[in-house]
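Working notes, beginning with the structure itself.
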Amino acid sequence: MRTRHFGPLGPVPVLGLGTWNMERDDRTSAIAAIRRAIELGMTHIDTAELYGRGKVEQLVGEAIAGLRDRVFLASKVMPSNATFDGTLRACEASLKRLGTDHLDLYLLHWRGETPLGETFRAFEQLKAQGKIRAWGVSNFDDADLDEALRASGPGSIACNQVLYHLGERTIEHRVIPWCTEHGVAVVAYSPLGATGGFPRSRPLEAIAKRIGATPRQVALAFLAQRAFVIPKSSSPSHVDELAREIELDAAAIAELEAAFPLAPWRGLPSL
Ligand code: NAP
């Protein structure tokens, strides 16, 4: 599995696995899918206290039992919990549900009312205590990132997790350039367009056929040029498909650029 430097954390696989809504899926299959992803090298597992109100963290904890040292584990605090004390408490609760003593990455899920500096102080305390290895943000546009940088100082923000798929390339305007300049990893969420959102597209299907890949593999390879990518699946056979990395040549990239053009900047979208 290809890796890339993840902010200050060193190499991390470019392809990981999301877990949103897994509590709605067959539990045995979801656990098998997570374990299959780890086996295939998709070891960045992304979850959040929000998902199924803690049920998904429990499910992830069950899936990674015995495999913790192979996993790059990320979770998120909700803005409504992101006061200084609330963040410390939320992290403890996530660790308990996940059955681990530390997270590799802890994110502010999106911006809320709490001043950023207050949440970041809690993140730094958790880091000093060894409860998280690094922290980052999610759904931040370039103005939010400027403010976050002022509140935290350089080198502290490991990543920004944002919406990015073939039909939604807005982050290429301002967010990716900002993150590249400041050494902040970009993590693409909903890279398959979320549930039911994967595009039916003749050019995409033609490219996939030409290179002996599937349309989803082509989509992920396109996004992985610029971001870490965390598709979600609760199906081991779907994970097998997602984990097969493919190379796109310049012609295929140009065709995809034309079929899924970058729309003008209208602010950062989120789900
Ligand atoms: P996604 O990964 O774009 O799409 C997931 C959908 O694709 C599921 O319905 C899944 O169904 C299906 N799928 C996956 N592989 C497939 C395959 N090989 N064949 C057919 N269908 C396939 O959607 P997402 O869950 O919204 O985004 C990914 C992750 O990003 C989330 O799970 C979450 O961890 C994170 N996220 C973060 C935020 C944020 O605000 N920070 C927001 C949204 C998402 P099956 O399960 O049946 O395979």
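The values are calculated or read from the model by the stated rules, or taken from the named source; none is laboratory data. Quick caveat, the model's predicted, so the values are computed rather than measured. Neighbour counts run over all protein chains shown; Cβ positions are idealised from the backbone, glycine included. Remember, those area values only see protein heavy atoms, side chains included, never the ligands or the DNA or RNA. Shrake-Rupley method; radii C 1.70, N 1.55, O 1.52, S 1.80 Å.
Checking R226 against (1) within 15 Å of the chain's Cα centre (by Cα); (2) open to solvent by less than 70 Å² (accessible area, probe 1.4 Å): exactly one of these is not met. Which one?
The failed condition is (2).
I need every pair where a residue in the stretch 37-59 that is among the charged types (D, E, K, R) has its Cβ under 6 Å from the Cβ of a residue that is more than 11 Å from the ligand (Cβ to nearest atom) and in a helix (DSSP H, G or I), sequence separation at least 6 or different chains.
E49/A90; E49/S94; K55/E23; E57/S94; E57/R97; E57/L98
Just for the stretch 220-245: of the residues that are within 9 Å of the ligand (Cβ to nearest atom) and assigned to a helix (DSSP H, G or I), which one is farthest from L262 (Cα to Cα)?
By that ranking, first place goes to S237.
Which one of these is among the hydroxyl-bearing types (S, T, Y), more than 9 Å from the ligand (Cβ to nearest atom), open to solvent by 10 Å² or more (accessible area, probe 1.4 Å) and out of contact with any strand residue (DSSP E or B) (no Cβ under 6 Å at 6 or more places or on another chain): T214, T180?
Every option except T180 fails the conditions.
Does H173 satisfy being surrounded by 23 or more Cβ atoms within 10 Å (Cβ to Cβ), over 21 Å from R150 (Cα atoms) and out of contact with any Cys (no Cβ under 9 Å at 6 or more places or on another chain)?
No.
Please specify each residue of the stretch 39-54 satisfying the condition of being within 15 Å of the ligand (Cβ to nearest atom), within 26 Å of E241 (Cβ to Cβ) and assigned to a helix (DSSP H, G or I).
Y51, G52
Given the structure, is L163 in contact (Cβ under 8 Å) with a residue 24 or more places away in the chain and within 14 Å of the ligand (Cβ to nearest atom)?
The answer is yes for L163.
May I ask you to verify whether A33 is in a strand (DSSP E or B), within 14 Å of the ligand (Cβ to nearest atom) and modelled with pLDDT of 95 or more?
no
Of (1) hydrophobic (A, V, I, L, M, F, W, C); (2) part of a helix (DSSP H, G or I); (3) touching a helix residue (DSSP H, G or I) at 6+ places or on another chain (Cβ under 7 Å), L95 satisfies all except one. Which?
Result: L95 passes all but (3).
In the stretch 102-148, which residues are within 21 Å of G16 (Cβ to Cβ), small (G, A, S) and within 14 Å of the ligand (Cβ to nearest atom)?
Selection gives G136, S138.
Looking at the stretch 70-92, can you tell me whether even one residue there is touching a strand residue (DSSP E or B) at 6+ places or on another chain (Cβ under 6 Å), assigned to a strand (DSSP E or B) and open to solvent by 10 Å² or more (accessible area, probe 1.4 Å)?
So far as the stretch 70-92 goes, yes, one or more of its residues are touching a strand residue (DSSP E or B) at 6+ places or on another chain (Cβ under 6 Å), assigned to a strand (DSSP E or B) and open to solvent by 10 Å² or more (accessible area, probe 1.4 Å).
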